[in-house]
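K.L.:
The structure is given below, and queries will be raised subsequently.
The values are calculated or read from the model by the stated rules, or taken from the named source; none is laboratory data. Note that the structure is a prediction, hence the values are computed from the model and not measured. No Cβ is skipped: glycine too gets one built from the backbone with ideal geometry, and neighbour counts run over all protein chains shown.
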Amino acid sequence: MPVNIAELERRARALLGPDVYNYYAGGSGRERTLRASVRAWQRYWLAPRVLRNVAAVDTSVRLPGPPQTLLRTPVAVAPTGFQGLAHPEGELATARGAAAAGALLVLSSRSSRRIEDVGEAMASAGGAWWFQVYVMRDRDLTARLAGRAVAAGARALVLTGDTPVVGRKRRDRGEGVVTDADLLVNTGPLADLTQAEQAADVTFDDIGWLARLGVPVLVKGVLRADDARACVGAGAAGVIVSNHGGRQLDGALPTALALPGVAAALAGAEVFADGGLRTGEDVLTALALGARAVFVGRPVLWALTCGGADGVSDLLTGLTSDLSHAMALAGARSVAEIPGVTGPVQGNSLDL
């Protein structure tokens, strides 16, 4: 049976306290972008090929290096913070689940487990991971965290570029959910907690600054072709088309609508996507629109809540199976053979 993420979310909601559920599930403002991001993938229509001998379908992908990373699936784990609120093992369970499914993990700067412990868990399970970077007000603190991640085995750094300030969320303000102790897991004691807040003065120059650590840097939160070109021009290996799960600017473009323009603008650079992906067909659409791989965030949190590492593995394996089935129906024996799309469909309301 196809993965039913709506049912998984219902089960997770029953297990989580309302404050934690709203912290994970909520979006900014009136949540227009949050709602639109899921529906936007349905504005496209796939144009399947026929008579292509799809007796064997290969979902594997290679991601940037060095060394290049071969994964069994293009469905990866997006960075989400404070996973210890969902499960006692937090990011350690997510790491084991991702590795078991042959999927990439991106570890959040706001991890509830130490960077080195997650790196060790991934190494023990034979998995691959990247580290998401918020440039904090204290640049030295940022550099130390990123350097620790690289030393612990992170194969790339993901600079989040869409969070100069934190989006305001009506459903959730984080009050009573995330504690100071949670914030300090990886930073250690700070004389002033504002040192760990996001810096509002981040520029394209920070890409080169991070690249000096010796691994590829990708920029997450890109929705414009001109920004994508500027990121690559400043040294980024690629970009992740994302609206931060609808948690930053409300009214920002859904990823599905931004992806084609960004992919067309970049030649020789990697393009990835996250935001609102809920089915194997959504993943197929994103790959057809030019994404090398995709990231899922909230669904992983629901799977972690319900089943720990096994739940995460089952989710990622299930989505990969759904993708493989959809690829066969589309006449694609490999990710490289995925056919194009038609759309977006004019006049198909997103109910914004």
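K.L.:
Under the condition of being of a type in the set (A, V, I, L, M, F, W, C) and buried (at least 16 other Cβ atoms within 10 Å of the Cβ), which residue from the range 51-63 is modelled with the lowest pLDDT?
P.N.:
Going through the range 51-63, the residues of a type in the set (A, V, I, L, M, F, W, C) turn out to be 51, 54-57, 61, 63.
Checking the rest, the ones that are also buried (at least 16 other Cβ atoms within 10 Å of the Cβ) come to 54, 57, 61, 63.
On the way: Val54: 97, Val57: 98, Val61: 96, Leu63: 88.
Per the criteria, the residue is Leu63.
K.L.:
Counting just the residues of the range 1-50 that are in contact with a Gly (Cβ under 8 Å, 6 or more places away or on another chain) and more than 23 Å from Ala286 (Cα to Cα), which one comes out surrounded by the fewest Cβ atoms within 10 Å (Cβ to Cβ)?
P.N.:
Asp19
K.L.:
Within the range 125-144, is there a residue that is under 25 Å from Gly26 (Cβ atoms) and small (Gly, Ala, Ser)?
P.N.:
Scanning the range 125-144, I find no residue that is under 25 Å from Gly26 (Cβ atoms) and small (Gly, Ala, Ser), so the answer is no.
Conditions (1) in contact with a Ser or Thr (Cβ under 9 Å, 6 or more places away or on another chain); (2) under 23 Å from Asp274 (Cβ atoms); (3) crowded, with 17+ Cβ neighbours inside 10 Å, marked per residue:
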{"position": "Gly127", "(1), (2), (3)": "no, yes, yes"}
{"position": "Phe131", "(1), (2), (3)": "yes, yes, yes"}
{"position": "Val135", "(1), (2), (3)": "yes, yes, yes"}
{"position": "Thr163", "(1), (2), (3)": "no, yes, yes"}
{"position": "Val185", "(1), (2), (3)": "yes, no, yes"}
{"position": "Gly188", "(1), (2), (3)": "no, no, no"}
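K.L.:
Within the range 94-104, take every residue that is of a type in the set (Gly, Ala, Ser) and at negative phi and give me the one that is surrounded by the fewest Cβ atoms within 10 Å (Cβ to Cβ).
P.N.:
Ala100
K.L.:
Could you list all residues from the range 300-338 that are in a helix (DSSP H, G or I), on the phi < 0 side of the Ramachandran plot, touching an Asp or Glu at 6+ places or on another chain (Cβ under 8 Å) and surrounded by fewer than 24 Cβ atoms within 10 Å (Cβ to Cβ)?
P.N.:
Within the range 300-338, Gly307, Ala309, Asp322, Ala326, Val335 qualify.
K.L.:
Return yes or no: is Gly84 more than 30 Å from Leu190 (Cβ to Cβ) and outside any strand (DSSP E or B)?
P.N.:
no
K.L.:
Can you pull out the residues in the range 98-129 that are touching a Lys or Arg at 6+ places or on another chain (Cβ under 6 Å) and over 25 Å from Gly318 (Cβ atoms)?
P.N.:
Ile115
K.L.:
Could you run through the range 139-157 and say how many residues are within 17 Å of Lys220 (Cα to Cα) and in a helix (DSSP H, G or I)?
P.N.:
The total comes to 2.
K.L.:
With the requirement that a residue be surrounded by 15 or more Cβ atoms within 10 Å (Cβ to Cβ), free of Cβ contacts under 8 Å to residues at least 60 places away in the same chain and assigned to a helix (DSSP H, G or I), what does the range 105-124 give you?
P.N.:
Scanning the range 105-124 gives Asp117, Val118, Gly119, Glu120, Ala121, Met122, Ala123.
K.L.:
Tally the residues that are assigned to a helix (DSSP H, G or I) and under 28 Å from Thr342 (Cβ atoms), restricting the search to the range 1-53.
P.N.:
Within the range 1-53, the subset assigned to a helix (DSSP H, G or I) is 5-15, 18-25, 32-43.
Add one more test, that the residue is under 28 Å from Thr342 (Cβ atoms), and what stays is 5-6, 32-43.
Counting residues in the range 1-53 that are assigned to a helix (DSSP H, G or I) and under 28 Å from Thr342 (Cβ atoms) gives 14.
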